[in-house]
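In what follows, a single structure is set out as structure tokens and then discussed.
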Amino acid sequence: MRDCSKKARSREGSKINVFFLNQEQITDMNLILLGAPGAGKGTQGKILSDRLHIPQISTGDILRANVKNKTALGIKAKEFMDRGVLVTDDIVVSMVEERLMMNDCAAGFLLDGFPRNMKQAEALEAQLVRIGKGIGHVIGIEVDKKTLVKRLSGRRVCRKCGANYHIIFSQPLNMGVCDKCGSAEIYQREDDKEETIEARLVVYEQETFPLIEHYTKKGMYHAIDGTGVVDGITGSIMEIIGQRSNNS
């Protein structure tokens, strides 16, 4: 992936019309975690959530919970999902707002992969103003495209039980045979094929560059090298948000 943060810092132009928050409203533990598919957002999000004792919030989890609980927003979302189309931004953003108003977000929260585009970012900022919250840091886990493709295209799944493997990082004990159920049907999903991955990364880069530029101009964006060991990446993030990396 290109170094979007450097380009964002170097580009000049008119300022984006955004909602600016008072310093008192900004909490260092209100975080946004950005990164391309395969960058390690989920892994780092789980670790940070455990160490900082704040909820890890992803739109996928929120959508599933609302649909399962048959909330008003969940019913609306299901109509789109049943048609095989993306749930609209306004529904997703409303779900996020409701989630951020829950008690467990009082001391902080971690938005995992949200916002995905500028429309969502602007809607999020308007919401945060309404509920008296702000964002302290936006962490971008940056990994080069070649490494991302290698990570994602190596994924394999057991067709019978759904167990996950990787041809480099997490092979089954007997190649081609599932450790859990003994099935020999371990396969590569269409979404994990190189041509599909490369197309997804192009879309991600097109949508995310404006976000990086936006948060860089506000002095909130921090780029983290996502190619190191997991603990080292976590330590770098903890330093940015002013926490010791050995917090538990």
| So which helices (runs of 4 or more DSSP H) are wholly in segment 22-90 and hold at least 3 residues that are charged (D, E, K, R) and under 20 Å from the mean Cα position of the chain (by Cα)? | 41-52
| said: Checking the structure you have, find out if any residue of segment 58-79 is within 18 Å of ALA121 (Cα to Cα) and touching a strand residue (DSSP E or B) at 6+ places or on another chain (Cβ under 6 Å). | reply: yes
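Please count how many residues of segment 98-123 are crowded, with 16+ Cβ neighbours inside 10 Å and either closer than 19 Å to GLY45 by Cα or in contact (Cβ under 8 Å) with a residue 40 or more places away in the chain (or both). Write out each step before concluding.
Our first condition is that a residue be crowded, with 16+ Cβ neighbours inside 10 Å; within segment 98-123, this holds for 99-100, 105, 108-116, 118, 120-123.
Still in the list and also either closer than 19 Å to GLY45 by Cα or in contact (Cβ under 8 Å) with a residue 40 or more places away in the chain (or both): 99-100, 105, 108-116, 118, 121-122.
So the answer is 15.
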| query | Restricting the search to segment 168-208, which residues are in a helix (DSSP H, G or I), out of contact with any strand residue (DSSP E or B) (no Cβ under 6 Å at 6 or more places or on another chain) and not β-branched (Val, Ile, Thr)? | reply | GLU190, ASP191, GLU194, GLU195, GLU198, ALA199, ARG200, LEU201, TYR204, GLU205, GLN206, GLU207
| request: Go through (1) over 22 Å from ASP28 (Cα atoms); (2) in a loop (DSSP other than H, G, I, E, B); (3) touching a strand residue (DSSP E or B) at 6+ places or on another chain (Cβ under 8 Å); (4) of a type outside the set (A, V, I, L, M) one by one and return the number of the condition TYR165 breaks. | output: (2)
| request: Please work out which residue is nearest to GLN56 (Cα to Cα), limiting yourself to segment 136-162 and to residues that are of a type in the set (Lys, Arg) and part of a strand (DSSP E or B). | output: ARG155
| field | Residue ID - farthest from TYR165 (Cα to Cα), chosen from residues in segment 183-231 that are out of contact with any Phe, Trp or Tyr (no Cβ under 8 Å at 6 or more places or on another chain), hydrophobic (A, V, I, L, M, F, W, C) and touching a residue at least 12 places away in the same chain (Cβ under 8 Å) | value | MET220
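Any read-out appearing in this document is the output of simple, stated calculations on the displayed coordinates, not a laboratory observation. For clarity, every value in this text was computed on a predicted model and none was experimentally measured. All Cβ positions, even for glycine, are placed from backbone atoms using ideal geometry, and neighbour counts span all protein chains on display.
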